[in-house]
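A short write-up of the structure that comes next.
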Amino acid sequence: MEAKSVFQLMEKWAPSYLAFDWDNVGLQLGSFNKPIKRIMITLDVLEPVVDEAIKKNADLIIAHHPLFFKSVKHIDLESSRGRIIQKLLQHDITVYASHTNIDVANGGMNDLLCDQLGIQSRAYLEETYAENLYKLAVFVPMTHVEQLCDALGDSGAGFIGNYSHCTFQSQGQGTFKPGEGTNPYIGTKHALEKVEEMKVETVVPESKQKRVIDAMFKAHPYEEVAYDLYPIENKGKTYGIGRIGTLSTSMSLKEFAEHVKQQLELSHVRVTGDLSKQVKKVAVLGGSGEKYIHHAKRKGADVYITGDMTFHAAQEAWQMNLGVIDAGHYAEKIIKQEIKKYLQSHLPENIDIFVSTTNTDPFTFI
């Protein structure tokens, strides 16, 4: 199996277009065509992680945090970053990153945190992406309407909410005159033909546009297909960063902080707020989420779980009576097992997938 097949699977779950514009996701180093037998999943690409990948003969590293956030202007082989690049190239290890796109994706980092903590009835903390929609109108003879509609729906067109294969059909008369070099399905060369046709209209998400058009051509009997494709203002499927939901029963902030520690297997958390305060509505954002404290407050959260809270942001949350549990950035380690489980369910059994055992948390608490 080539690396690009694995990348396509990751893209199916967490498309790169969901990533924030400052992020750097996808292929970090290596080749799309690299043959893959062993995949290592990690949170970070640090030198000890690369050493582990070399020792365990990994062909591909899939990381949550990108190897490169900014452009590389020089490679100093005496530096840790330079040695990482050198070792990866020398041992022909490809690196791929799925970061804010898998944070935003359904079933990704923030949904996983909610699952672990028992947070229900979830909504986005902030909407970050809405897919562009297009209207497809295609003219087809009456004999092939059902075949065409099935092909369009099966390829991803016609989804409105939880309804699929949605179309509008209007009957009319199509006219055409086949010219030289044609091989018409209906009619004869140089003779004007009149055919009862159906105009089939449906909605197409931008991400599935090519697949739908290809399916349309395959299902349509005509040598030349008459169709229109144009953008519409309707909002497509939306995605967002963070989640907000509720606990099945309320508990004190102190009890909930202990619950977070236990469920996320953390040795400590930092807490802001009145420990006796009852909490039920919870906002969550994995990683560095201090700039979203106002989003959490506006949406009615009693407590906000994130990482990397700075002193003044914590003070601000404290003053507006928003409880905060800083679980640390390393709480994102839970994504490793989920990526492994996802890939194992989609890749052949002869592809070995394993999670890095290297601890990349830089902090030790004394």
**Request:** Excluding residues fewer than 8 places away in the same chain, name every one of the aspartates and glutamates whose C-alpha is closer than 17 Å to that of Lys299.
**Result:** Glu126, Glu127, Glu290, Glu316
**Asked** Where does each of Arg243, Arg122, Arg81, Arg211 land when they are ordered by accessible area, with a 1.4 Å probe and the largest first?
**Response** Arg211, Arg81, Arg122, Arg243
**Fill in**
For the chain, the charge dipole (Cβ of Lys, Arg +1; Cβ of Asp, Glu -1; about the Cα centre) points to a positive end, and the Cα of Ile160, Ser207, Asn321 closest to that extreme belongs to Asn321
**Asked** Going by alpha carbons, how many degrees (0 to 90, nearest 10) lie between the helix axis of 209-219 and the longest principal axis of the chain?
**Response** 30
**Asked** Residues with amide H under 5 Å of Gln28's amide H, sequence separation 5 or more or different chain, H placed in the peptide plane at 1.01 Å from N; which?
**Response** Val95, Tyr96, Ala97
**Message:** Rounded to the nearest 20 debye, what is the charge dipole size of the stretch 13-105 about its Cα centre when +1 sits on each Lys and Arg Cβ and -1 on each Asp and Glu Cβ?
**Reply:** 280
**Item:** Solvent-accessible surface (1.4 angstrom probe) belonging to Val203, in square angstrom, nearest 10
**Value:** 20
**Fill in**
For the chain, longest principal axis from Cα atoms; helix 3-13 axis from its Cα atoms; angle between them, nearest 10 degrees, is 90
**Asked** Could you list log10 I(q)/I(0) for the stretch 1-72 at q = 0.15, 0.20, 0.26 Å⁻¹, which the Debye formula gives when each Cα is one point scatterer?
**Response** -0.52, -0.92, -1.38
**Item:** Cross-link reach list, aspartates and glutamates versus Lys340, counting only Cα pairs under 14 Å and skipping chain neighbours closer than eight places
**Value:** Glu349, Asp352
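Let me know the charge dipole size of the chain about its Cα centre in debye, to the nearest 20, where only the beta-carbon of Lys, Arg (+1) and Asp, Glu (-1) is charged. Provide the component values of the computation, followed by the final result.
Values: 39 positive and 46 negative charges, 89 e Å.
For the chain, the charge dipole is close to 420 debye.
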**Prompt:** Among Leu266, Leu285, Gly300, whose Cα sits farthest toward the positive end of the charge dipole of the stretch 248-311 (+1 at Cβ of Lys/Arg, -1 at Cβ of Asp/Glu, about the Cα centre)?
**Reply:** Gly300
**Nearest-10 value in Å² for the accessible area of Trp318, using the 1.4 Å probe** = 150
**Prompt:** Near the amide H of Ile305, under 5 Å away, which other amide H atoms are found, from residues 5 or more places off or on another chain, if H is placed in the peptide plane?
**Reply:** Ala283, Val284, Leu285, Ile325
**Message:** Just to confirm the number: angle between the C-alpha axis of helix 253-263 and the first principal axis of the chain, 0 to 90 degrees, nearest 10?
**Reply:** 70
**Message:** If you take every residue apart from Thr306 with its C-beta less than 10 Å away from the C-beta of Thr306, what net charge results, scoring Lys and Arg +1 and Asp and Glu -1?
**Reply:** -2
**Prompt:** What's the lysine pair count for the stretch 25-130 at a Cα cut-off below 17 Å, pairs eight or more apart or interchain?
**Reply:** 5
**Asked** Considering the dipole of the stretch 1-122 built from charges on the beta carbon (Lys and Arg +1, Asp and Glu -1) around the Cα centre, which of Phe68, Leu112, His91 is farthest to its positive end?
**Response** His91
**Message:** Run the reach check for Lys297 against lysines, Cα to Cα strictly under 28 Å, same-chain hits fewer than 8 apart removed. What comes back?
**Reply:** Lys235, Lys237, Lys254, Lys261, Lys277, Lys280, Lys281, Lys333
**Request:** Can you grab the distance from the C-alpha centre of the stretch 284-336 to the C-alpha centre of the stretch 3-56, Å, no decimals?
**Result:** 28
**Spatial separation of Cα centroids for the stretch 133-157 and the stretch 75-114, in angstrom** = 41
**Asked** Where the only charges are on Cβ atoms (+1 Lys, Arg; -1 Asp, Glu), what is the dipole of the stretch 129-240 about its Cα centre, to the nearest 20 debye?
**Response** 180
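Past the 25 angstrom mark, what percentage of all C-alpha to C-alpha distances in the stretch 161-292 do you count?
On the way: 5034 of 8646 pairs.
Result for the distance tail: 58 percent.
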**Request:** Take a quick pass over the stretch 117-213 and tell me how many lysine pairs come in under 26 angstrom between Cα atoms, counting only ones 8 or more apart or on separate chains.
**Result:** 10
**Request:** Would you mind computing Rg(Cα) / (2.2 N^0.38 Å) for the chain, counting N as its residues?
**Result:** 1.26
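The values are calculated or read from the model by the stated rules, or taken from the named source; none is laboratory data. Bear in mind that the values here come from a model prediction, so they are computed numbers and not experimental data. Please note: Cβ atoms are built from the backbone with ideal geometry, for glycine as well, and neighbour counts cover all protein chains shown. Side chains are part of the model used for accessible areas, which takes the heavy atoms of the whole protein and leaves out ligands, DNA and RNA. Shrake-Rupley method; radii C 1.70, N 1.55, O 1.52, S 1.80 Å.
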